[in-house]
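Q: Let me give you the structure first, and then I'll get to my questions.
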Amino acid sequence: MGERIQSINAVGILVHDYDEAIAFFTEKLNFDLLANEAHDNGIRLVLLHPPGLSNTGIMLNLAQSKLDEMVVGKQAGDQVLFVLQTNDFWRDYKSMQSKGVNFIETPRDEEYGTVAIFEDLYGNKWDLLQVKDEE
């Protein structure tokens, strides 16, 4: 029996509209659109990854039920839902700000790196994080 290997390929996020969410993630966060496949039932397989070497992406799930609609933008309550790690915090921070991404705090230096919380188009909270180099 070989070594067990597993990874998370994608994490689902509820959205109100596929196209507006695709536009936000590709135009404001520079994500790559890897899949956008329509199915007969009106549901689409939409998969996006951050630029670079990321192995994990987000899968857009269209809100369909009343519960789905209620939690769009609040999938983690008041907590951060995702951490978007970067190799150049200030480049990405300035780029995202110039494209209208809403940062809900000023950047701060922590012992682990530079970080600031921003919101996606529905209000889910994300960390933009650059980890400090280990010395």
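Q: Out of (1) open to solvent by 30 Å² or more (accessible area, probe 1.4 Å); (2) of a type outside the set (S, T, N, Q); (3) within 22 Å of ALA10 (Cα to Cα), the odd one out for GLU111 is which?
A: Of (1) open to solvent by 30 Å² or more (accessible area, probe 1.4 Å); (2) of a type outside the set (S, T, N, Q); (3) within 22 Å of ALA10 (Cα to Cα), only one is false for GLU111: (3).
Q: Would you check which residues across region 42-52 are exposed (fewer than 11 other Cβ atoms within 10 Å of the Cβ) and under 23 Å from GLU119 (Cα atoms) and list them?
A: GLY52, the sole residue that qualifies.
Q: Which of the residues spanning region 82-104 are of a type outside the set (Gly, Ala, Ser) and open to solvent by 50 Å² or more (accessible area, probe 1.4 Å)?
A: Answer for region 82-104, where residues must be of a type outside the set (Gly, Ala, Ser) and open to solvent by 50 Å² or more (accessible area, probe 1.4 Å): VAL83, GLN85, ASN87, ASP88, TRP90, ARG91, LYS94, GLN97, LYS99, ASN102, ILE104.
Q: Take the residues in region 1-20 that are without any contact (Cβ under 8 Å) to a residue 40 or more places away in the chain and aliphatic (A, V, I, L, M), then tell me which one is nearest to ALA76 (Cα to Cα).
A: So, considering only residues that are without any contact (Cβ under 8 Å) to a residue 40 or more places away in the chain and aliphatic (A, V, I, L, M), the one nearest to ALA76 (Cα to Cα) is ILE5.
Q: Being under 15 Å from ALA21 (Cα atoms) and open to solvent by less than 30 Å² (accessible area, probe 1.4 Å) is the filter here; which residues of region 114-125 pass it?
A: ASP120, GLY123, ASN124
Q: Return only the number of the condition from (1) free of Cβ contacts under 8 Å to residues at least 40 places away in the same chain; (2) open to solvent by less than 60 Å² (accessible area, probe 1.4 Å); (3) touching a helix residue (DSSP H, G or I) at 6+ places or on another chain (Cβ under 9 Å) that LEU60 does not satisfy.
A: Unmet for LEU60, out of (1) free of Cβ contacts under 8 Å to residues at least 40 places away in the same chain; (2) open to solvent by less than 60 Å² (accessible area, probe 1.4 Å); (3) touching a helix residue (DSSP H, G or I) at 6+ places or on another chain (Cβ under 9 Å): (1).
Q: When you scan region 23-31, do you find a residue that is among the polar types (S, T, N, Q) and over 12 Å from the mean Cα position of the chain (by Cα), even just one?
A: The answer is no, given that none of the residues of region 23-31 is among the polar types (S, T, N, Q) and over 12 Å from the mean Cα position of the chain (by Cα).
Q: Report the residue count in region 83-108 for those that are of a type in the set (A, V, I, L, M, F, W, C), in contact with a helix residue (DSSP H, G or I) (Cβ under 8 Å, 6 or more places away or on another chain) and free of Cβ contacts under 8 Å to residues at least 40 places away in the same chain.
A: Total satisfying the criteria: 1.
Q: When region 118-130 is examined, which residues are found to be part of a strand (DSSP E or B) and either under 26 Å from VAL72 (Cβ atoms) or more than 16 Å from the chain's Cα centre (by Cα) (or both)?
A: Start the filter on region 118-130 by keeping residues that are part of a strand (DSSP E or B), which leaves 118-119, 125-130.
Passing the criteria: PHE118, GLU119, LYS125, TRP126, ASP127, LEU128, LEU129.
Q: Just to be sure I understand, how many residues within region 21-41 are in contact (Cβ under 8 Å) with a residue 12 or more places away in the chain and surrounded by fewer than 12 Cβ atoms within 10 Å (Cβ to Cβ)?
A: Restricting attention to region 21-41, the residues satisfying the condition of being in contact (Cβ under 8 Å) with a residue 12 or more places away in the chain are 21-22, 24-36.
Keeping just the survivors that are surrounded by fewer than 12 Cβ atoms within 10 Å (Cβ to Cβ) gives 27.
Count: 1.
The values are calculated or read from the model by the stated rules, or taken from the named source; none is laboratory data. Being a predicted model, the structure only gives us computed values, none of them experimental. No Cβ is skipped: glycine too gets one built from the backbone with ideal geometry, and neighbour counts run over all protein chains shown. We work out accessible area using only protein heavy atoms, side chains counted, and drop any ligands, DNA or RNA first. Shrake-Rupley method; radii C 1.70, N 1.55, O 1.52, S 1.80 Å.
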